1. If I ask for residues that are among the β-branched types (Val, Ile, Thr), surrounded by 13 or more Cβ atoms within 10 Å (Cβ to Cβ) and modelled with pLDDT under 90, which ones from the range 164-188 would you list?
2. Pairs, please: C-beta under 7 Å, at least 6 apart or cross-chain, first residue within 16 Å of residue 174 (Cβ to Cβ) and in the range 102-116, second buried (at least 24 other Cβ atoms within 10 Å of the Cβ) and among the charged types (D, E, K, R)?
3. Among the residues of the range 228-252, what is the count of those that are open to solvent by 40 Å² or more (accessible area, probe 1.4 Å) and part of a helix (DSSP H, G or I)?
4. From 274, 235, 256, grab the single residue that is of a type in the set (A, V, I, L, M) and over 23 Å from the mean Cα position of the chain (by Cα).
5. Given the conditions (1) open to solvent by 60 Å² or more (accessible area, probe 1.4 Å); (2) touching a residue at least 12 places away in the same chain (Cβ under 8 Å), and given that residue 296 satisfies all but one, which numbered condition is not satisfied?
6. State all residues of the range 196-243 that are under 20 Å from residue 144 (Cβ atoms) and in contact (Cβ under 8 Å) with a residue 24 or more places away in the chain; if no residue qualifies, say none.
7. I'm checking my understanding of the structure. Among residues of the range 18-73 that are part of a helix (DSSP H, G or I) and of a type in the set (Phe, Trp, Tyr), which one is farthest from residue 108 (Cα to Cα)?
8. Give the residues of the range 1-26 that are within 19 Å of residue 72 (Cβ to Cβ), among the β-branched types (Val, Ile, Thr) and open to solvent by less than 10 Å² (accessible area, probe 1.4 Å), sorted by residue number.
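The values are calculated or read from the model by the stated rules, or taken from the named source; none is laboratory data. Model, not experiment: these values are computed from the prediction. All Cβ positions, glycine included, derive from the backbone under ideal geometry; neighbour counts span all protein chains shown. Protein only, heavy atoms only, side chains kept; ligands, DNA and RNA dropped before computing areas. Shrake-Rupley method; radii C 1.70, N 1.55, O 1.52, S 1.80 Å.
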Amino acid sequence: MRSIFAIVSIYLAYFAHGIQAITISQGRDTFIAQWDTDLAGIMNVIAFTGMGKLFTILLFGEISDRLGRKPMMILGSIGYVLFFTGLVGTDSYVIACLFAFLGGASTSSFDSAAYPALQEIFPIRYSTSALVLLKGAIALSGMFFPLLVGLLSNSEAYSYILLAIPLAISVLVFILAFIASFKPLNIKQNQTKNVVYSSKPSFAIEGVLCLIYGGIAQMTFFIIQQSITIYGRDVVGMGDMASRALMSYNSIGSIVAVITMSMLMARGLRSIAVLLLFTTGSFISLLLLVLAKTPLITS
């Protein structure tokens, strides 16, 4: 049962991460006034979230391997509570940058715990699907949150709503992670202990290529998250709600892909086939996005 708490805490953490990743960009108009800055300043604050993750991920990975997954989940949830509270509560641009850095570092703390924990908790045949579903949790919150922000943007309670939802989720993650056990589920499983490869993978080739591919993929994903709403409004000329809905459409596509691919991969579809398919699809869709600049094609 306590392992179930661990699983729930991980997926809730990534649901909160889906909000954390777009909070600043979706609330840009409010934050521009609150921090006395402009759009370039907002993008700089967003950049601090990336720096927070970049500068801490290796350190937190090492700590997670030494101290375990539970402390890193607890640390990440505390960081998110401070991030959401501080971001909405401060009027200082400099302090906002520091809280943004903390938000990115907190995501690194979650990453250092969640990915290995799911691989350790689930049987081998299900671990890949469990990891893929993390993106589903991010996409789910990314689908609803932009529309909620658009509906409440003219309300006096806007900032409080912006804070309350992810803050409550982060507190719940802290509670569940605190009482959870990050140990394997007691499931009867048929899995091979020793996998024999036809040829041993080389870090200098496959390892480096995977790191490069992963970096480019995450960078593209991050840029789209932060800029698609602004692109729709300022470049394509879409209205406020229509431009916010672009992030929701993006997230719906992610959810459909996550569900479909997790089912197919559980039935033996190779990871390399998925990478090739979605790399091609991403290239075509981004090319059309840049060239067409019409509301229909952009959507």
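1. 165
2. Going by the 7 Å Cβ cut-off, the qualifying pairs are 113/69.
3. Number of matching residues: 9.
4. On the way: 274 fails: over 23 Å from the mean Cα position of the chain (by Cα); 256 fails: over 23 Å from the mean Cα position of the chain (by Cα).
Residue meeting the stated conditions: 235.
5. The number of the failed condition is (2).
6. We begin by selecting, within the range 196-243, every residue under 20 Å from residue 144 (Cβ atoms); these are 221-222, 224-230, 232-233, 238-243.
Correct list: 222, 224, 225, 226, 227, 229, 230, 232, 238, 240, 241, 242.
7. Step one: of the range 18-73, the residues part of a helix (DSSP H, G or I) are 18-20, 23-26, 28-34, 39-54, 57-67, 69-73.
Among the residues that remain, those that are also of a type in the set (Phe, Trp, Tyr) are: 31, 48, 60.
Numbers: 31: 24, 48: 13, 60: 7 Å.
Among those residues, the one meeting the criterion is 31.
8. 10, the sole residue that qualifies.
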